[in-house]
Amino acid sequence: MKIQLTIVFTILLMYIGTSQNINSKSEVKTVTTTIKDSKGEKVIVKSQESNEVQKIALENEKPNTLNIPIKESPVDVTTKTKIMVDGITKTIDINHSAYYSMGGMKYHIVLYDTGYELMNSTNGFSGLLRKTSNNNYIFKNKDQYAIGYFDGEGNLILEIYNEKDDRIIQEKYRIVKP
């Protein structure tokens, strides 16, 4: 009996120790379109699922206060679109092909079969973006590798390791809205 209680208590402590505080939001939008023509009736169902996950991080505790402010942290947004036409479903990940700007330069992200290419307005090719299994991207150009993701507004955030200073530098490519 003592062994069973010890095992249950140990498992409970491991579960509590590994849990993380997160904010999450899921949204599903479904649009059904019926098209009638001489061949009959065709039903198209478009379902778009959007998930936002943000890890909660706290700032340093301030003396003589009860509340601890929350640090701003990145929001991981994943969007999947499913289109069903005549019973056949096709899943589409969101396409981030667009124009972006950073540091006064204009960039264009172009979708290819293997991922994205980042092109700048002056020299052309700037780097490759390849999707990972956790919805992040590996960025590679001739000088460096970085981890990237798209935030809630659609901006591309690259996190680059600076070996000299032993720290992470963030570059934000802002999406250019038409």
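The values are calculated or read from the model by the stated rules, or taken from the named source; none is laboratory data. All values derive from a computational prediction rather than experimental measurement. Ideal geometry is used to build each Cβ from the backbone, glycine not excepted, and the neighbour counts take in all protein chains shown. All accessible areas refer to the heavy atoms of the entire protein, side chains included, with ligands and DNA or RNA removed. Shrake-Rupley method; radii C 1.70, N 1.55, O 1.52, S 1.80 Å.
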Number of the condition not met by I169 [criteria: (1) touching a residue at least 12 places away in the same chain (Cβ under 8 Å); (2) more than 30 Å from V31 (Cα to Cα); (3) assigned to a strand (DSSP E or B)]: (1)
Long-range neighbours under 8 Å by Cβ, at least six apart or interchain, first residue touching a residue at least 40 places away in the same chain (Cβ under 8 Å) within the stretch 115-127, second open to solvent by less than 20 Å² (accessible area, probe 1.4 Å) and not in a strand (DSSP E or B): none
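Among the residues of the stretch 153-166, write down those that are loosely packed, with under 13 Cβ neighbours inside 10 Å and either outside any strand (DSSP E or B) or touching a residue at least 40 places away in the same chain (Cβ under 8 Å) (or both). Walk me through how you get there before you give the answer.
First, the residues of the stretch 153-166 that are loosely packed, with under 13 Cβ neighbours inside 10 Å: 153, 162-166.
Those that are loosely packed, with under 13 Cβ neighbours inside 10 Å and either outside any strand (DSSP E or B) or touching a residue at least 40 places away in the same chain (Cβ under 8 Å) (or both): E153, E163, K164, D165, D166.
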Top-ranked residue of the stretch 14-43 - restricted to ones that are open to solvent by 90 Å² or more (accessible area, probe 1.4 Å) and not in a strand (DSSP E or B), ranked as modelled with the highest pLDDT: S38
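Do we have E117 as surrounded by 13 or more Cβ atoms within 10 Å (Cβ to Cβ), over 22 Å from Q54 (Cα atoms) and out of contact with any helix residue (DSSP H, G or I) (no Cβ under 6 Å at 6 or more places or on another chain) here? Spell out the reasoning first.
Details: surrounded by 13 or more Cβ atoms within 10 Å (Cβ to Cβ): yes; over 22 Å from Q54 (Cα atoms): yes; out of contact with any helix residue (DSSP H, G or I) (no Cβ under 6 Å at 6 or more places or on another chain): yes.
Against the criterion (surrounded by 13 or more Cβ atoms within 10 Å (Cβ to Cβ), over 22 Å from Q54 (Cα atoms) and out of contact with any helix residue (DSSP H, G or I) (no Cβ under 6 Å at 6 or more places or on another chain)), E117 qualifies.
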All positions within the stretch 121-139 that are at pLDDT 85 or above and either open to solvent by 80 Å² or more (accessible area, probe 1.4 Å) or aliphatic (A, V, I, L, M) (or both): L128, L129, K131, I138
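Could you list, in sequence order, all residues of the stretch 116-152 that are basic (K, R) and part of a loop (DSSP other than H, G, I, E, B)?
Looking only at the stretch 116-152, we keep the residues that are basic (K, R), and these are 130-131, 140, 142.
Selection gives K142 alone.
For S73, are the conditions met, namely being in a strand (DSSP E or B) and open to solvent by less than 90 Å² (accessible area, probe 1.4 Å)? If you could, list the steps in order and put the result at the bottom.
Details: in a strand (DSSP E or B): no; open to solvent by less than 90 Å² (accessible area, probe 1.4 Å): yes.
Considered against the rule, which asks whether it is in a strand (DSSP E or B) and open to solvent by less than 90 Å² (accessible area, probe 1.4 Å), S73 comes out as no.
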Residue ID - least open to solvent (accessible area, probe 1.4 Å), chosen from residues in the stretch 101-114 that are closer than 17 Å to I157 by Cβ and part of a strand (DSSP E or B): I109
